[in-house]
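J.: Below you'll find the structure I mean.
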Amino acid sequence: MELMRDINRVMEREIAKGSCPLKLDHIEVGDYSYQEITSKEKLLEVLSYLLRIGDFRQYAGKTILNNVYMNLRGKKPIFKRTRTAIERNNIFATIKRCAKKLKPEYNGNVYLETVRCYFDISQENLEKCRYTYQGNETYAFLMSDKYIMALYTHCLVARKEAAMQDVKMEFFTEKEYGMVRLENVLFQALLLDDIQFSQDKILAMFVTIFIE
C-alpha cells in the first residue's frame, strides 16, 4: 500500500531526528473487547476518563501529550494530539453534542471497544527511555507529532484490516459484527499515556465508542 510506504518513510525520517523507534507489532481483538454502555451518565464518565478530564484529571500526566484523540469537526472526523485540558474539554463537548443528536436509548446500542496494540522496541532503545517520575521508575517515549500520528495510522489500518478479515466469533451478535466492521463510530483514541509491558512487547489500548 503506497500510503503506508509513505508513512513508513516519514517514520524513518523522524527516528533519524530523535523520535523513539516504537513500532506496531500486532493488535488483538478478543472476547474481552466489548463492553456495553448502559446510560448517558456512563457514556460521559467513559469519555471523561479517556480524555483525562473532570473527575479523572489526576490521570493527565506529562505523557498525555502522546495520546491521539478523534474530534468530530465538519463532515469528517479529525485525529489529533492535545496540549491542554481546554482542548480535551472541547472535544468532550463536541462528542457530547453529537451523542445527544443521535438520541441513543442505551438498550444495547452503545458500546466501548478496547483493542490491544502491541509495540516493539529494542532493549537498548528501551533503556534510553527509562526515567523517574514522582519517585517511581517508569518510561517516557519521546516522539514527534508526525511519528505519533503515524503510529496511530498503523493501529487504525490494522484495526480496519481485522474488520476486512471478517472475524467470526460464535458469541458475537449481529450488532457486534457491525462494530467489528467499524460502523457508527462516535469516538476513538490511542492511549499512549497508560502503557503496560507484556512479555517482550509494549502494550497500549486503542479504544472506540460505537453508537447506533
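Read-outs throughout are calculated quantities, based only on the coordinates presented, and are distinct from any laboratory measurement. A quick note: this is a predicted structure, and the numbers were derived from the prediction, not measured. Cβ coordinates were reconstructed from backbone atoms using ideal geometry, including for glycine residues, and neighbour counts include every protein chain displayed.
J.: Just checking, which of Ser144, Ser122 is of a type outside the set (A, V, I, L, M, F, W, C), under 30 Å from Ser198 (Cβ atoms) and surrounded by fewer than 12 Cβ atoms within 10 Å (Cβ to Cβ)? Show your work before the answer.
T.: Numbers: Ser144 fails: surrounded by fewer than 12 Cβ atoms within 10 Å (Cβ to Cβ).
After applying the criteria, what remains is Ser122.
J.: While we're here: Please go through (1) under 19 Å from the mean Cα position of the chain (by Cα); (2) in contact (Cβ under 8 Å) with a residue 12 or more places away in the chain; (3) surrounded by fewer than 16 Cβ atoms within 10 Å (Cβ to Cβ) for Leu102 and return the number of the only condition it doesn't satisfy.
T.: (1)
J.: Evaluate the following for Ile86: is it over 28 Å from Ile15 (Cβ atoms), touching a residue at least 60 places away in the same chain (Cβ under 8 Å) and either assigned to a helix (DSSP H, G or I) or of a type outside the set (Asp, Glu) (or both)? Quick ask: steps written out before the conclusion?
T.: Numbers: over 28 Å from Ile15 (Cβ atoms): yes; touching a residue at least 60 places away in the same chain (Cβ under 8 Å): no; either assigned to a helix (DSSP H, G or I) or of a type outside the set (Asp, Glu) (or both): yes.
So Ile86 fails the test.
J.: Name the residues in segment 1-47 that are in a loop (DSSP other than H, G, I, E, B), surrounded by 13 or more Cβ atoms within 10 Å (Cβ to Cβ) and of a type outside the set (S, T, N, Q), would you? Full working, then the answer.
T.: Filtering segment 1-47 down to residues in a loop (DSSP other than H, G, I, E, B) leaves 1, 18-22, 29-33, 37-39.
Imposing the further condition that a residue be surrounded by 13 or more Cβ atoms within 10 Å (Cβ to Cβ) reduces the set to 19-22, 29, 33, 37.
Correct list: Cys20, Pro21, Leu22, Val29, Ile37.
J.: In segment 73-91, which residue that is more than 15 Å from Tyr152 (Cα to Cα) and under 15 Å from the mean Cα position of the chain (by Cα) is surrounded by the most Cβ atoms within 10 Å (Cβ to Cβ)? Spell out the reasoning first.
T.: Narrowing segment 73-91 to residues more than 15 Å from Tyr152 (Cα to Cα): 73-76, 83-91.
Filter once more, so that each one left must be under 15 Å from the mean Cα position of the chain (by Cα): 88, 91.
On the way: Arg88: 24, Ile91: 22.
Across segment 73-91, the extreme among qualifying residues is Arg88.
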